[in-house]
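**Student:** Before anything else, here's the structure in question.
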Amino acid sequence: MSVQIEEISPCRRKLNIEVSADTIAGEYDDALKVYASQASLPGFRPGRAPKQLVKSRFNKEILGRLRDHLLPKSYHEALQENDLTVVNIVDMDEDIEVKEGEPLAYSVTVDIQPDFALPEYKGISLKREREEVTDAEVDERIEALREQRADYEEVEDRPVARGDMAQIDFTGTLDGKPLEEAEPEAKGLGEGKDFWLQASDEAFIPELGLRLAGLSIGDEETIKASFPGDFVIEGLRGKDVEFHVTVKAVRARKLPELDEEFFKGLGVENEKDFREQVANSIQAEKDRKSEGKLREDIEKTLLDKAEFDLPESMVAEASQQHVRRIAEDMQRGGQGEEAVLEHKDQIVETAKSAAERQVKLRLILHRIAREEELQVSDSELSREISMLAYAYSMERDELEKRLKQNNQVDDLRGDILCRKVMQIIQDAADIEGDAPQTEGDDS
């Protein structure tokens, strides 16, 4: 077998592989003997038919099986002989056939793993940014919890205040026409009876909600409101609509008292325990943020210290994933297909930049994993799938089936491996702000 290699780009090679005619002939003879020993032809006992007759009957099938055998065999031998680690097959000749008396020649284009100097990853100097919880943060969190558990009570002796719920009848018009006539998609927005709306910028039409403040029960008002540019109904985005509103009732928000009933609902004894619980929760959030920043600093250090070209196909695949994710996030945020197309170039640029960073980091981490002889066991993979299934509220077997169908099992194994490498790097880092471990400290 001969192999000629063309360098197309730093990480892309074209392999021109040729299996000699002599090798083909030897392989063919071996295959023919197997067929002759098993073939059952009319007039002959099994295995007794003449080879030439067997050849005439099964020639096409033998050549097809030789092709299926010799292609992967010669390809993998070519990689081994030339010490190439392939990350993706980019292209391959079509209609490759094995013919008697001729060599088997074909070309395959591959992206290979780049060869680069591994950056120093042990003893990295880092700084852990620790933040202490303040009383003001605890007070703010407690108020937020009270807001979440707020009740509403009827009030009749004052106008609507910000944050109140107002019961209204309303009709809407756009350019002088009933709203639903002017914009058929606006079903349910053209008219409403006994509709409760919060007098705040958290209302589904913020301007309408805010303008309710100051009105009293029985008041009628015509309120002009502009729909946000990202409103869910495309035909109303940025449009000015007039709402004729009648206020019928008002409910004021009432925050719960910090009493025994409130504490009991949260599983604590008293205010002291409650504040401690809230402070611990905030501290845990700060610690997670600090831990995330530490990981980001490790990633930046590795990326800055390693310079090498990236396999184009890996970047292209990762870019497509990022583009899909960005587009889906935009649509979930209320932006339609038009907005996605309008920002297409920016999305593609952002996705490519993120993909290059992701691919580069993954290559570095996998290289470190080989250096450290790290692997992901089947039990670790199984545990990860179980945890993901729990997080997604899915049956474990169903999730595993989907992962296999989408060829994502190896990606998941790779994610686990990268986390293990990151932990090794962090454990070996010189981190300012961490308390030094004393002898016998297992923490």
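Every number here is computed from the coordinates shown, using simple stated rules; none is lab data. On a predicted model such as this, the values are computed, not experimentally measured, just so you know. Neighbour counts are summed over all protein chains in view; Cβ atoms, including those assigned to glycine, are modelled from backbone coordinates with ideal geometry.
**Student:** May I ask for the angle, rounded to the nearest 10°, between helix 51-81 and the longest principal axis of the chain, with both axes built from Cα atoms and the value confined to 0 to 90°?
**Tutor:** Tilt of helix 51-81: around 60 degrees.
**Student:** I would also like to ask the following. Distance between the C-alpha centers of the stretch 19-81 and the stretch 169-243? Whole Å please.
**Tutor:** Cα centres, the stretch 19-81 to the stretch 169-243: 78 Å.
**Student:** Relative to the longest principal Cα axis of the chain, at what angle does helix 409-428 sit, 0 to 90 degrees, rounded to 10?
**Tutor:** That helix lies at roughly 70 degrees to the long axis.
**Student:** In sequence order, what are the phi-derived ³J(HN,Hα) couplings for the stretch 4-19 according to the Karplus relation 6.51 cos²θ - 1.76 cosθ + 1.60 with θ = phi - 60°, rounded to whole Hz, with x for glycine and proline?
**Tutor:** Residue by residue, the stretch 4-19 yields 10, 10, 9, 8, 7, 8, x, 10, 10, 10, 10, 9, 9, 10, 9, 9 Hz.
**Student:** Also: Order of 424, 364 from fewest to most other C-beta atoms within 10 Å?
**Tutor:** Fewest to most other Cβ atoms nearby, the residues stand as 424, 364.
**Student:** What is the distance, in nm, between label points placed 7 Å from the Cα along the Cα-to-Cβ direction at residue 143 and at residue 432?
**Tutor:** Taking the two extended label points, one gets 3.6 nm.
**Student:** Rounded, prolate or oblate: which fits the stretch 222-352 when a ≥ b ≥ c are the square roots of the eigenvalues of the alpha-carbon gyration tensor, with rounded for a/c under 1.5 and prolate only if a/b beats b/c?
**Tutor:** oblate
**Student:** Select from 363, 126, 174 the residue whose mean-square fluctuation is largest in a Gaussian network model of the chain (Cα-Cα springs shorter than 10 Å).
**Tutor:** Largest GNM mean-square fluctuation: 174.
**Student:** Calculate the length of the line joining the C-alpha centroid of the stretch 339-401 to that of the stretch 263-296, in whole Å.
**Tutor:** Taking the Cα centre of the stretch 263-296 as reference, the centre of the stretch 339-401 is 29 Å away.
**Student:** For a quick protection proxy, order the peptides 17-25, 369-377 by their average other-Cβ count within 10 Å, most packed first.
**Tutor:** Order by mean packing, descending: 17-25, 369-377.
**Student:** Which one, (1) 80, 72, 39; (2) 93, 56, 44; (3) 109, 73, 46, gives Cα extents along the principal axes in Å as derived from the coordinates shown?
**Tutor:** Given (1) 80, 72, 39; (2) 93, 56, 44; (3) 109, 73, 46, the calculated one carries the label (3).
**Student:** Among 52, 10, 90, pick out the residue whose Cα is farthest towards the positive end of the charge dipole of the stretch 2-112, where Lys and Arg carry +1 and Asp and Glu carry -1 on C-beta, about the Cα centre.
**Tutor:** 52
**Student:** Residue farthest toward the positive end of the dipole of the stretch 151-254, with Cβ of Lys/Arg at +1 and Asp/Glu at -1: which of 190, 176, 214?
**Tutor:** 214
**Student:** Continuing with this model, one more query. Could you tell me which of rounded, prolate or oblate describes the stretch 55-204, using a ≥ b ≥ c as the square roots of the eigenvalues of the alpha-carbon gyration tensor, with rounded for a/c under 1.5 and, failing that, prolate when a/b is larger than b/c and oblate otherwise?
**Tutor:** oblate
**Student:** While we're looking at this one, here's another question. Each residue of the stretch 247-254 in turn: what ³J(HN,Hα) in whole Hz from Karplus with 6.51, -1.76, 1.60 and θ = phi - 60°, glycine and Pro shown as x?
**Tutor:** With coefficients 6.51, -1.76 and 1.60, one gets 7, 10, 7, 9, 10, 8, 6, 10 Hz.
**Student:** Tell me the relative contact order for the chain as a rounded percent, counting alpha carbon contacts under 8 Å between residues six or more apart.
**Tutor:** Computed value for the chain: 16 percent relative contact order.
**Student:** Measure nothing fancy, just the Cα-based angle from helix 135-148's long axis to the longest principal axis of the chain, in degrees from 0 to 90, nearest 10.
**Tutor:** Relative to the chain, helix 135-148 is tipped by roughly 90 degrees.
**Student:** If you don't mind, another one. Please list, in chain and number order, the residues 5+ apart from residue 112 or on another chain whose amide H is under 5 Å from its amide H, with Hs placed from the backbone.
**Tutor:** 12, 13, 87
**Student:** On a 27 Å Cα-Cα criterion, which of the cross-link pairs 127/272; 33/73; 127/352 come out too long?
**Tutor:** 127/272; 127/352
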